[in-house]
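Working notes, structure below.
The values are calculated or read from the model by the stated rules, or taken from the named source; none is laboratory data. Bear in mind that the values here come from a model prediction, so they are computed numbers and not experimental data. Backbone-built Cβ (ideal geometry, glycine too); neighbour counts: all protein chains shown. Surface accessibility is based on the protein's heavy atoms, side chains included, excluding ligands, DNA and RNA. Shrake-Rupley method; radii C 1.70, N 1.55, O 1.52, S 1.80 Å.
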Amino acid sequence: MTYIHLLRAPNPGPMTLEGTNTWVITDADEGALVIDPGPAIPPHLEAVFAACEPRLLGIVLTHRHLDHSEGAALLAERAGCGVRAADPEFRIGADGLAAGEMLTLGSITLEVVETPGHTSDSRSLLISGPDGASRLITGDMVLGRGTTVITHPDGDLAAYFGSLDLLEALVTNHNVSELLPGHGPIVSDPMAWLSFYRRHREERLDQGRAALGAGDRTPSEVVARVYADVDRSLWPAAEQSVRSQLEYLEKG
């Protein structure tokens, strides 16, 4: 039984990995929901629309970044449906995405989970389907390969750690079998991957403390030391995370 379909947008890059993951949740009788339609690339949006048999009922955004949201208005106009998002600027229709809200599609339910950190408006979705399994759509909160950026100034590292706590609890309490990320492959060992994400953040904090102890004072100085072995094309994104790390350390 396949009711979750992955359509990957053709926008690969250092930050998008293989491309943005668009998730189509389908019920054979009722229709489909689209999670993160991705960029406004016509062939991709055409493929997404074609996958929404018998009709597209609604669109949900995990967060505001354009590689996830840009195509939403075009797809919604074509289908005559709404767009649900935490950020009011990206909504079509009045509905937001409040924590604990349940979206239903036939026998499929999606529970809205607030997971700020990557951005302030980040949401995840806990899916329970007809096969009895639970899965988590994570947007850019957790990727399928590598680690995510704590965007600055919108992101927040303390909030990110809290969101990791929440996702770990959901994985345990709901026996979540897979994480369905915003970029990269499906994660088949959710708890191990979340534990890796936590260790990575803690290691970066330790490296930031060491850099400050060695005399670095600016985010760019910390990046040059801590990310010396990382491709320089990624340094601007790394600096966003470092700024968030330094703010976290300053608050104690």
- Query: So Asp154 fits all but one of (1) more than 17 Å from the chain's Cα centre (by Cα); (2) closer than 20 Å to Ala86 by Cα; what number is the exception?
  - Reply: (1)
- Query: Just wondering, is there one or more residues in the range 146-153 that are of a type in the set (Gly, Ala, Ser) and buried (at least 19 other Cβ atoms within 10 Å of the Cβ)?
  - Reply: no
- Task: Show the residue pairs that are 6+ apart or on different chains and have beta-carbon atoms under 8 Å apart, the first residue being within the range 177-189 and without any contact (Cβ under 8 Å) to a residue 60 or more places away in the chain and under 16 Å from Ser124 (Cα atoms), the second being surrounded by 18 or more Cβ atoms within 10 Å (Cβ to Cβ) and hydroxyl-bearing (Ser, Thr, Tyr).
- Result: Ser177/Ser134; Leu179/Thr138
- Message: Could you list, ordered by first residue, the pairs with Cβ atoms under 8 Å in which the first is in the range 46-65 and modelled with pLDDT under 95 and the second is buried (at least 22 other Cβ atoms within 10 Å of the Cβ) and not polar (S, T, N, Q), at least 6 apart or interchain?
- Response: Glu53/Ala32
- Query: Of the residues that sit in the range 37-66 and are open to solvent by 10 Å² or more (accessible area, probe 1.4 Å), touching a strand residue (DSSP E or B) at 6+ places or on another chain (Cβ under 6 Å) and assigned to a loop (DSSP other than H, G, I, E, B), which one is farthest from Ser122 (Cα to Cα)?
  - Reply: Pro54
- In the range 22-36, which residues are within 15 Å of the chain's Cα centre (by Cα), part of a strand (DSSP E or B) and touching a residue at least 60 places away in the same chain (Cβ under 8 Å)? Trp23, Ile35
- Just checking, how many residues over the range 162-176 are over 18 Å from Thr62 (Cα atoms) and in contact (Cβ under 8 Å) with a residue 12 or more places away in the chain? 6
- So, first residue within 13 Å of Ile186 (Cα to Cα) in the range 8-21, second residue among the polar types (S, T, N, Q) and at pLDDT below 95, Cβ within less than 9 Å, six or more apart or across chains; the pairs are none
- Boolean, Leu110 is touching a residue at least 40 places away in the same chain (Cβ under 8 Å), under 18 Å from the mean Cα position of the chain (by Cα) and not in a loop (DSSP other than H, G, I, E, B): yes
- Task: Would you point out the residue of the range 216-229, among those that are free of Cβ contacts under 8 Å to residues at least 24 places away in the same chain and open to solvent by less than 40 Å² (accessible area, probe 1.4 Å), that is farthest from Thr147 (Cα to Cα)?
- Result: Asp216
- Task: Go through Ser134, Ser163 for me and flag whichever is touching a strand residue (DSSP E or B) at 6+ places or on another chain (Cβ under 9 Å), closer than 24 Å to Val24 by Cβ and either buried (at least 20 other Cβ atoms within 10 Å of the Cβ) or of a type in the set (Gly, Ala, Ser) (or both).
- Result: Ser134
